[in-house]
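The values are calculated or read from the model by the stated rules, or taken from the named source; none is laboratory data. Worth saying up front: this structure is predicted, and the values here are computed from it rather than measured. Cβ coordinates were reconstructed from backbone atoms using ideal geometry, including for glycine residues, and neighbour counts include every protein chain displayed. These area figures cover heavy atoms from the full protein model, side chains too; ligands, DNA and RNA do not enter into them. Shrake-Rupley method; radii C 1.70, N 1.55, O 1.52, S 1.80 Å.
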Amino acid sequence: MLPFTEEQIKRYARHIILPEVGGKGQEKLLQSKVLVIGAGGLGSPAIYYLAAAGVGTIGIVDFDVVDFSNLQRQILHNTERVGIPKVESARMTVEKLNPDVKVITYNTMINKSNVMDIIKDYDVILDGTDNFPTRFLINDACYFLGKPLVSAAMLRFEGQISVFDYRDKEKSPCYRCLYPEPPPPGLVPSCQEAGILGSIGGIMGCIQATEAIKLLLGIGEPLVGKLLIMDALSMDFRKVKLRKDPNCPLCGKEPTIKELIEYQQICDAHF
């Protein structure tokens, strides 16, 4: 085990005293790499807590700039940074929080030509994107590369999250077992159309970070084969069991999807 500095011992003390983490677990976090796609309502809290936890390398993908409308929920950013790329704003926030963390930024849109190259070197992928075509593309790339995917969604007062652990494709259902294809355009409203309570992103993003840390450390029971659904108005949480679909076009017995598909960006997701 690499020796911790006195500052690191103080910083990570509450982790180190946990039997499930300890010094070895903290060292593992410092050597881990997590990619967060989307530095918005979900990615902001997820990145914040991954950085605070001491995840050594955090990759951040986003092609947008900070807008005033983001600040109601996207806590990585602030008023002074309106107009600058979100990945740069995120990097500045992380570097001020924890100098142990190396931030790699990708100021680009995820697409068929770059997704495999971007995600290939990371241990866990978090999807915080806001449209269905990109989410399906990320899922399929993670499946082909055998990368665990933590996927969350939100709309209005509701959120949902699941983990697809493609390190074990025989046991884990895939995203397409839940949603075989993107929905028709206009069927599901976007957050811009339907609204979103800002703190919902905080809750779901924090759960994403927690699930990622569990995967990195190999502790607990990640939400593999389960969909956690939250209704904030009633503050109800419920789990729905997800099963592998033998007819799934991606992971079924006779898969028809054997390469990446780039759907047209015509439908907004509810995330």
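Taking the condition more than 29 Å from D67 (Cα to Cα) and open to solvent by less than 30 Å² (accessible area, probe 1.4 Å), does V101 pass? Show your work before the answer.
Values: more than 29 Å from D67 (Cα to Cα): no; open to solvent by less than 30 Å² (accessible area, probe 1.4 Å): yes.
Answer is no for this residue.
Tell me which residues, restricted to segment 71-93, are part of a helix (DSSP H, G or I) and buried (at least 22 other Cβ atoms within 10 Å of the Cβ). Lay out the reasoning, then the answer.
Taking segment 71-93 as the starting set, the residues that turn out to be part of a helix (DSSP H, G or I) are 79-81, 86-93.
The answer is K86, V87, S89, A90.
For segment 148-157, what are the residues that are at pLDDT 95 or above and surrounded by fewer than 21 Cβ atoms within 10 Å (Cβ to Cβ)? Spell out the reasoning first.
So in segment 148-157, the residues at pLDDT 95 or above come out as 148-152, 157.
Passing the criteria: only F157.
Within segment 213-246, work out how many residues are open to solvent by 80 Å² or more (accessible area, probe 1.4 Å) and either modelled with pLDDT under 95 or of a type in the set (D, E, K, R) (or both). Show your work before the answer.
To start, the set of residues in segment 213-246 that are open to solvent by 80 Å² or more (accessible area, probe 1.4 Å) comprises 221, 233, 235-239, 241, 243.
The next check asks that each one be either modelled with pLDDT under 95 or of a type in the set (D, E, K, R) (or both); those that pass are 221, 236, 238-239, 241, 243.
Number of matching residues: 6.
Taking the condition of being over 14 Å from the mean Cα position of the chain (by Cα) and either within 22 Å of A153 (Cβ to Cβ) or buried (at least 22 other Cβ atoms within 10 Å of the Cβ) (or both), how many residues in segment 56-70 meet it? Write out each step before concluding.
We begin by selecting, within segment 56-70, every residue over 14 Å from the mean Cα position of the chain (by Cα); these are 56-57, 63-70.
Filter once more, keeping what is either within 22 Å of A153 (Cβ to Cβ) or buried (at least 22 other Cβ atoms within 10 Å of the Cβ) (or both): 63-64, 66-67, 69-70.
Residues flagged as over 14 Å from the mean Cα position of the chain (by Cα) and either within 22 Å of A153 (Cβ to Cβ) or buried (at least 22 other Cβ atoms within 10 Å of the Cβ) (or both) within segment 56-70 amount to 6.
Does Y143 fit the bill of being open to solvent by 10 Å² or more (accessible area, probe 1.4 Å), under 17 Å from the mean Cα position of the chain (by Cα) and closer than 26 Å to K241 by Cβ? Working first, answer last.
Details: open to solvent by 10 Å² or more (accessible area, probe 1.4 Å): yes; under 17 Å from the mean Cα position of the chain (by Cα): yes; closer than 26 Å to K241 by Cβ: yes.
Yes.
Can you name the number of the only condition in (1) at pLDDT 95 or above; (2) surrounded by 17 or more Cβ atoms within 10 Å (Cβ to Cβ) that P133 fails?
(1)
Looking at segment 113-128, is at least one residue open to solvent by 50 Å² or more (accessible area, probe 1.4 Å), charged (D, E, K, R) and touching a strand residue (DSSP E or B) at 6+ places or on another chain (Cβ under 8 Å)?
If we filter segment 113-128 for residues that are open to solvent by 50 Å² or more (accessible area, probe 1.4 Å), which is where we start, we get 113, 116-117, 120-121, 123.
Filter again for charged (D, E, K, R), leaving 117, 120-121, 123.
Restricting the remaining residues to those that are touching a strand residue (DSSP E or B) at 6+ places or on another chain (Cβ under 8 Å) gives 121, 123.
Looking through segment 113-128, at least one residue is open to solvent by 50 Å² or more (accessible area, probe 1.4 Å), charged (D, E, K, R) and touching a strand residue (DSSP E or B) at 6+ places or on another chain (Cβ under 8 Å).
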